[in-house]
Every structure is written in structure tokens, then in C-alpha cells.
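To start, the structure under review is shown below, and the notes come after it.
The values are calculated or read from the model by the stated rules, or taken from the named source; none is laboratory data. Note that the structure is predicted; figures quoted are calculated from it, not measured. As a convention, Cβ positions derive from the backbone with ideal geometry for all residues, glycine included, and neighbour counts pool all protein chains shown. Side chains included, ligands, DNA and RNA excluded: accessible areas come from the protein's heavy atoms. Shrake-Rupley method; radii C 1.70, N 1.55, O 1.52, S 1.80 Å.
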Amino acid sequence: MVSWQQQSNLGQQNDLSVLVSRQRAWVEIDLAALAHNVRTLKSFLAPQTKLMAVVKADAYGHGAVMVAQTALANGADCLAIATLAEGVELRQAGIKAPILILGAINAIEDIKAVAAWQLEPTICDPKQALTFDTTLNQLGESLPVHLKLDTGMSRLGTNWQEAVSFVQLVQTLPNLNIASVYSHFSTADDSDRTWMNLQHQRFGDALAQLKTIGFVPPQVHLANSAATLSDRTCHYDLVRVGLALYGLYPAAHLVRAIDLKPALQVKAKITQVKTILSGEGVSYGRKFVASKDTKIAVVGIGYADGVPRNLSNRLQAIVCGKLVPQIGSITMDQLMLNIDDLPQVRPGEVVTLIGQQNDLRITAEDWATTLDTISWEILCSFKHRLPRIFNNQPV
Ligand SMILES: *Cc1c(COP(=O)(O)O)cnc(C)c1O
């Protein structure tokens with residue numbers, strides 16, 4: 001069996017149609033769309049502002065190595081990931097750009113690996129700073145580190161009011177070189193800016209306090225995608241962009257702030273076509289019952305691939321340039337479509353679950369709205385059982 005990674009490597013070399021001919025279902029990544037998004041974001045920023053491409057969680061399901069390489073080739077300055085293993089994957093692929101680990105590293109062996117792979121850790125509090133310094137001292141090494149302030153997210157970081165004592169401690173540690181001071185918004189995608197402005201003000205206060213002790217961080221950063229698109233005063237030296245890189249807007253009121261193109265499509269093939277009689281049920285639990293003789297298609301994709309079962313009877317797909325309803329419970333490996341309006345459809349036909357065909361488009365945002373969640377979660381939900389096939393590699 002060929003693993004998804006080997007298949008995605010093949011995707012860089014082989015004709016797309018050859019690859020697709022072997023798949024029942026796959027995730028298609030449009031590298032030209034990614035490149036477009038990176039270039040568009042970069043040109044939206046002031047010339048001196050750096051773009052950090054956030055490629056955690058396998059680049060939100062898009063394939064971290066290919067996305068990182070494409071982003072760096074099109075103007076991204078550095079990368080961010082969440083875990084040690086995600087950073088190691090990028091270094092093993094030969095990526096040399098600075099890589100910030102957004103998550104907290106605590107285990108001694110992990111700290112050693114961070115140093116060995118030249119990754120740049122987030123330091124969240126004084127105790128962790130001391131552990132890092134002691135471990136790095138034993139190795140005879142030093143590392144650039146990024147100090148995280150909590151300005152109201154109540155996730156990682158030292159309380160913004162303690163910024164001065166935090167920095168003063170880290171300054172005494174010879175093996176830690178402060179590369180940046182940063183914080184993270186909790187409501188930047190909300191059209192009500194009250195809390196975001198308060199967080200921004202707290203961050204500004206902390207930086208002002210640091211200035212009174214003569215400390216100006218080499219780099220300061222605060223903005224995620226939503227803050228990048230909504231408020232230029234949050235850009236500072238660098239912006240940390242995830243979702244927008246992948247062509248989605250973080251909120252409805254930010255749509256069209258810049259021109260982004262969705263990079264991910266989810267496709268699967270029809271494996272059987274048949275007509276069921278009036279009164280027959282479709283799938284487990286008979287959650288759809290035909291009110292007349294109905295032509296249906298069986299499609300080779302299910303919840304084990306990342307199509308949430310909660311979308312059963314609420315999902316649409318694009319087949320032969322038309323929107324058709326999904327019917328009955330979504331099963332582990334398969335789902336059914338009502339194709340009564342499409343007499344010409346045969347097995348082997350490709351179905352688009354997320355993506356575009358001509359003027360029709362289904363987005364991760366559409367699924368998120370139906371499921372009362374966010375598009376970030378939808379993008380991250382596609383399993384590695386679906387090979388990532390890379391399309392339109394920019395030359
Ligand atoms: C994930 C993450 C980002 C990117 O967020 P988007 O909304 O996807 O742009 C930025 N900063 C931190 C700390 C993160 O965890």
C-alpha cells in the first residue's frame with residue numbers, strides 16, 4: 001500500500017489524472033491558489049512587515065511541507081507550527097527558514113530536540129524559561145526564544161502586567177536570546193472590537209513598561225488572520241497568518257478585505273449507480289425514504305475520511321456541474337446522493353464535496369455554518385486516509 005505521503009510526493013511529479021485514476025477519494029490542493037494568497041497577503045502588508053505562515057496541524061490539513069515550501073517561495077518570511085513533531089517534519093524536509101513553535105515545550109528531551117533541530121520555542125513563564133536555560137546550558141547551546149504575554153486569551157503566556165519581571169528574568173539567562181515578544185487575540189474575528197481593542201491596549205502597555213527598563217524587543221507580533229485583515233495597527237513587525245493563507249476569510253464582515261482563493265477541494269468518485277423503488281430507505285436508520293422511484297449514486301467517502309456524520313441529509317455535492325442532495329446517514333466509508341435529475345451519470349464520475357465547478361462553489365465555511373462550528377475545524381478534519389494531491393504547482 002502506498003501511504004498518503006508517498007502519494008502526495010507522487011503528486012509533485014506525476015500527471016494529476018494518473019494519480020486521480022487510482023483514488024476513491026482525495027483532497028486536492030491548488031498550489032497556485034496558495035501562492036496567490038501568500039502574494040496577496042504580502043502586498044497587503046507594509047514592506048517592512050514580515051509574514052509568518054502558520055502551518056500547524058499539517059497546514060490546516062493542506063500538507064505542511066508543500067504549503068511551507070510554496071509559502072516561502074512566494075514571500076512568506078518564516079513559519080509557525082504547534083508541536084515539536086510538526087517542526088521536525090519541516091526540518092527533515094530540508095526547510096531552513098525560522099520556525100516558531102506556538103505550543104509549550106516542557107519535557108527535557110523535547111527541549112534538547114528543539115535545540116538539535118534549530119526550532120524557536122515559545123517561552124510562557126519564568127519556570128519554563130529556567131528549565132530551558134538549564135538544559136541548553138548542559139548542551140552548551142543557546143536559542144532564539146519568543147516570549148508570550150497573556151493579554152486576555154487566558155491560554156499560554158505570562159500575564160501582561162508581569163512583562164517587566166518576566167523579561168528581566170529571561171535577560172539574566174545566558175542561553176536564551178529574546179527574539180520576540182508576542183500575544184494572541186481571543187476575539188479578532190468578532191465585528192465588536194471592544195475586547196480586541198482592550199487586549200491591544202494591554203499589549204501596548206506592556207511594551208511601554210518594557211521601554212521604561214530600556215528593553216525594546218527585536219520583534220513584536222500580535223495579529224492572526226482576522227487582526228491582519230481588520231486592523232493595520234496590530235501588524236507590528238510581523239503577522240501570524242493561518243486561515244487566510246488557505247483562502248478563507250476569518251469572518252463574514254472581513255470577506256473581500258483582500259482577494260483570497262480557497263486552496264482545498266475534497267473529491268470522491270461514484271462507485272455505483274442504481275434506482276431504488278418508492279418506499280425504500282437509504283442507509284442506516286432509514287433516515288431518507290424515497291417518495292418515488294429514485295436514481296441514487298453511492299460515493300466512496302465517509303466519516304472515517306472526515307465527512308462529519310452530522311451532515312447527513314444536510315450536505316450537497318457538485319456532480320456534472322449540478323448541485324445534488326446527499327441522502328440518508330453518512331456511513332464510515334461511503335455516502336449516497338440523490339441523482340434523479342442526472343440521468344447521464346455513471347460510476348467513476350467525480351463528485352466535489354468541497355470546491356468549485358464552473359460557477360458552483362461549496363466551501364468549508366458552508367459546512368461550518370451547517371454544523372455550527374468554524375471553518376478552521378472543518379479544514380483540520382480531513383483524515384490522512386485521503387491522499388493530498390497537489391495541483392497547479394507554480395513554475
Ligand atoms: C493558530 C494561530 C494563529 C493563526 O490563526 P489564524 O486565525 O488561522 O490566522 C496565530 N497565532 C497563534 C498563537 C495561533 O495559535
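Taking the chain as a Gaussian network of alpha-carbon nodes connected by springs under 10 Å, the highest mean-square fluctuation of the residues 308, 174, 98 belongs to 174.
Phi-derived couplings, Karplus 6.51 cos²θ - 1.76 cosθ + 1.60 at θ = phi - 60°, listed residue by residue for the stretch 329-340: 5, 6, 9, 4, 10, 8, 8, 10, 10, 8, 10, 4 Hz, with x used for Gly and Pro.
Projecting the Cα atoms of 146, 62, 197 onto the charge dipole of the chain (Cβ charges, centred on the Cα centre) puts 62 farthest toward the positive pole. The charge dipole of the stretch 31-254, taken about the Cα centre with unit charges on the Cβ atoms of Lys, Arg (+1) and Asp, Glu (-1), comes to about 420 debye, rounded to the nearest 20.
Exposure check, 1.4 Å probe, all protein chains in place: residue 56 carries approximately 60 Å² of accessible surface.
Beta bridges assigned by DSSP with both partners in the chain are antiparallel in approximately 50 percent of cases.
Between 253, 184, 36, where does the largest GNM mean-square fluctuation fall for the chain, given springs only between Cα atoms within less than 10 Å? Top of the fluctuation ranking is 253. Between 0 and 90 degrees, the angle of helix 4-13 with respect to the longest Cα principal axis of the chain falls at about 90 degrees. GNM on the chain, alpha-carbon springs under 10 angstrom: the most fluctuating residue among 214, 242, 103 is 214. Across 275, 294, the residue with the most accessible area heads the list, and the full order at a 1.4 Å probe is 275, 294.
In the chain, the longest principal axis of the Cα atoms and the axis of helix 126-139 are about 80 degrees apart. Annotation: amide H-H contacts under 5 Å for residue 354 (H modelled 1.01 Å from N, sequence separation of 5 or more, or interchain): 266. Once backbone amide H atoms are built at 1.01 Å from N, residue 156 has no partners under 5 Å, excluding neighbours fewer than 5 places away on the same chain. Ranking 283, 380, 177 by Cα position along the charge dipole of the chain, where only Lys, Arg, Asp and Glu carry charges on their C-beta atoms, puts 283 farthest toward the positive end. Counting 0.36 nm for each residue step from residue 292 to residue 197 and taking away their Cα separation leaves a gain of 28.5 nm.
The string of couplings for the stretch 290-297 from the Karplus curve (6.51, -1.76, 1.60, θ = phi - 60°) is 5, 8, 7, 4, 9, 7, 10, 10 Hz, one whole number per residue in order, with x for Gly and Pro.
Across the chain the C-alpha pair distances fall into 20 Å bins from zero in the proportions 26, 49, 22, 3 percent.
Here the accessible area is traced with a 1.4 Å probe on the protein chains. For the stretch 265-362, carbon and sulfur cover 47 percent of it. Remark: accessible surface ordering of 287, 127, 42, 383 (largest first) is 127, 287, 383, 42, probe radius 1.4 Å. Quick one: helix 194-212 against the long Cα principal axis of the chain, what's the angle to the nearest 10°, folded into 0 to 90? Tilt of helix 194-212: around 30 degrees.
The H on the amide N of residue 125, modeled in the peptide plane, is under 5 Å from the matching H of no residue at least 5 residues off or on a different chain.
Ignoring any ligand, DNA or RNA, what whole percent of the accessible area of the stretch 19-59 comes from carbon and sulfur when the probe is 1.4 angstrom? C and S atoms contribute 57 percent here.
This model, with +1 at the C-beta of Lys and Arg and -1 at the C-beta of Asp and Glu, gives the chain a dipole about its Cα centre of some 760 debye.
Per residue, the chain exposes an accessible area of 43 Å² to a 1.4 Å probe, with every protein chain left in place. List the pairs from 96/148; 42/261; 50/211; 269/295; 42/148 whose alpha-carbon separation is above 20 Å, in the order I gave them. The pairs that break the limit, which is 20 Å between Cα atoms, are 96/148; 50/211; 42/148. Can you give me the solvent accessible area of residue 81 with a 1.4 Å probe, rounded to the nearest 10 Å²? Answer for residue 81: close to 0 Å² accessible. The helix-based estimate of mean residue ellipticity at 222 nm for the chain, built from -39,500 (n - 2.57) per DSSP H run of four or more residues and divided by its residue count, is -9000 deg cm²/dmol to the nearest 500.
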